[in-house]
Amino acid sequence: MRTKLKLAAGCLLALGACSLVHAGEWVQTWGAAPLPPTPAQGFLPATPSFENQTIRQTVRISVGGQYVRVRFTNEYGAKPLAIGAARIALADEKGNIQPGTDRPILFAGKASAAVPAGAPLLSDAIDLPVKNLASLSISVYLPESTGQCTCHAVGMQNAFVSDTGDFTDKAFTPKQTIQSRAFISGVEVDVARQGRAVVVLGDSISDGVGSTVDANKRWPDFLASRLNGWGVVNMGISGNRVLEDGAGQSALARFDRDVLATPGVKAVILFEGVNDLGISFGRFEGPLAERFKSLVPANKATAESMIAGYRQLIARARSHGLKVIAATITPYGGSGYYSEEGDAVRQTINTWIRTGKEVDGVIDFDAMIRDPANPKQIKDGFHPGDHLHGTDAAYQAMAAAVDLALLKQ
């Protein structure tokens, strides 16, 4: 006992304060992959920056716990990110803070912090019991110019930006509403038992494009509702590719950060590839045509190069003891970058996924959402008009198609 007291006293002397002691194990319960800033592109605005403003964001977690902590990110920042204050609270389904649940977020016992350029920063543990599928409100005050945000561009959730000042502990009238995840990339919970998380490594279909904003109807959200007691960490990035950078780093480049470093991870679902095919073989028109053309790789994706990429991800996952589940690439006939050549590569890859026996399990999303009368396209009602992404109904059906035994065995 005396030794423990001395250690605690030493911690207080060295740091000024200690994080709360927790009895369980950290497991990630929510995530959003950070992205580098981008300039304005056609109708798409440039990545925002902030100064002397408060941002309030709502996230819905998957698994609950006694304590929480937040992972802030400045991984693509050119200078340190100043956090003047931050708070967290339970929220209702509309993002309103539930009375009596508001807590300060501290960093080594202090209310403010500087997140180094190129780095993340974990908060101290916060004594805030949360249940499975709870919503959390996270408010952060940014007193200095941030430069362009390290954001996750497609949040499918409204976040609110104040006029000038620190509003982390009070209501405010938003000056701006955004749908980016700004400077936060993860929430972890302390669970009493062994933590278990599955990471979804994907693109805009996992990001939830086409689903209802503020409704948590991405397919990983529906999966979290079925996987009671698991962390479901959605690391989908809209536009992301397996082999090439462009919309963030490639799956091969970001795998260690977004999958292997996830607290409590036991399995990964690999569901990427349509952007490799669309950008390699598509015929681009419209306001973003030049942007897409600039992303066409010198060596276009082939079935062989894509399968080699998947095999790298499988090997790296298994070297860390993870179960690997692969999902077939969904149809994209009728979309803006469809081609017969690209679809032929998709069919070859899907056959390999289904029959190659190189993964621990297969989710046949292709079979689930394709049109039986035209298998190269998504069936009506399962896409929002773009023939590429899903609707709420499609995402619910996709999550229902996941055999939970693949993860729980």
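FYI, it's all coordinate maths here, none of it is from the lab. All of these numbers come straight from a predicted model, not from anything done at the bench. Don't worry about glycine lacking a Cβ; one is built from the backbone with ideal geometry, like all the others, and counts go over all protein chains shown.
Below are the figures for this structure:
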quantity: Neighbour net charge for Val27 - beta-carbon separation under 9 angstrom, K R +1, D E -1; calculated: -2
quantity: Ala400-Ala298 FRET efficiency (beta carbon distance; Förster radius 45 Å; 0.05 resolution); calculated: 0.65
quantity: Rounded, prolate or oblate (a/c below 1.5 giving rounded, otherwise prolate when a/b exceeds b/c) for the chain by Cα gyration tensor; calculated: prolate
quantity: Residue of Gln41, Gln53, Gln347 that the Gaussian network model of the chain assigns the largest fluctuation, springs spanning Cα pairs under 10 Å; calculated: Gln41
quantity: Debye, to nearest 20: dipole size of the chain, +1 on Lys, Arg Cβ, -1 on Asp, Glu Cβ; calculated: 1200
quantity: Compactness index (Cα Rg / 2.2 N^0.38 Å), the range 116-174; calculated: 1.35
quantity: Calculated FRET efficiency for the pair Ala373/Lys79, C-beta based, R₀ 51 Å, to 0.05; calculated: 0.40
quantity: Fully extended contour minus Cα-Cα distance, from Asn52 to Thr164, at 0.36 nm per residue; calculated: 39.8 nm
quantity: Computed over the range 26-187, the ratio Rg/Rh where both radii use C-alpha atoms and Rh is Kirkwood; calculated: 0.93
quantity: Theoretical gain in end-to-end length, Leu44 to Ala117 [0.36 nm per residue, Cα-Cα removed]; calculated: 23.7 nm
quantity: Relative contact order for the chain, counting Cα pairs under 8 Å that sit 6 or more residues apart, in percent; calculated: 17
quantity: Distant-in-sequence amide H partners of Asn240 (H built 1.01 Å from N, under 5 Å); calculated: Ser204
quantity: Sites Ala393 and Lys94 - FRET efficiency at Förster radius 22 Å, r taken between beta-carbons, to 0.05; calculated: 0.45
quantity: Distance (nanometres) between label positions extended 7 Å along Cα→Cβ at Arg283 and Arg311; calculated: 3.4
quantity: Three-way shape call for the range 37-122 based on the alpha-carbon gyration tensor, with the a/c threshold at 1.5; calculated: oblate
quantity: Calculated from backbone phi, Karplus (6.51, -1.76, 1.60) coupling profile of the range 140-155 in Hz, x at Gly/Pro; calculated: 9, 9, 10, x, 10, 4, 8, x, 4, 5, 7, 10, 9, 5, 10, x
quantity: Under-5 Å amide H pairs with Asp163, H placed in peptide plane, nonlocal only; calculated: Lys175
quantity: Hypothetical label at Ser145: residues of the range 50-94 whose amide nitrogen lies under 11 Å (7 Å Cα-Cβ projection); calculated: 50-51
quantity: Distance in nm between pseudo-label sites at Asp380 and Asp127 (7 Å out along the Cβ direction from Cα); calculated: 5.9
quantity: Alpha carbon centroid spacing (whole Å) that separates the range 210-281 from the range 92-163; calculated: 21
quantity: Among Leu227, Leu295, Leu44, residue whose mean-square fluctuation peaks in a GNM of the chain (springs only between Cα atoms under 10 Å); calculated: Leu44
quantity: Given charges at beta-carbon only (K, R positive; D, E negative), |dipole| of the range 98-243 in Debye; calculated: 440
quantity: Difference of contour (0.36 nm per residue) and Cα-Cα distance, Arg257 to Glu290; calculated: 8.8 nm
quantity: Residue of Lys110, Lys175, Lys323 that the Gaussian network model of the chain assigns the largest fluctuation, springs spanning Cα pairs under 10 Å; calculated: Lys175
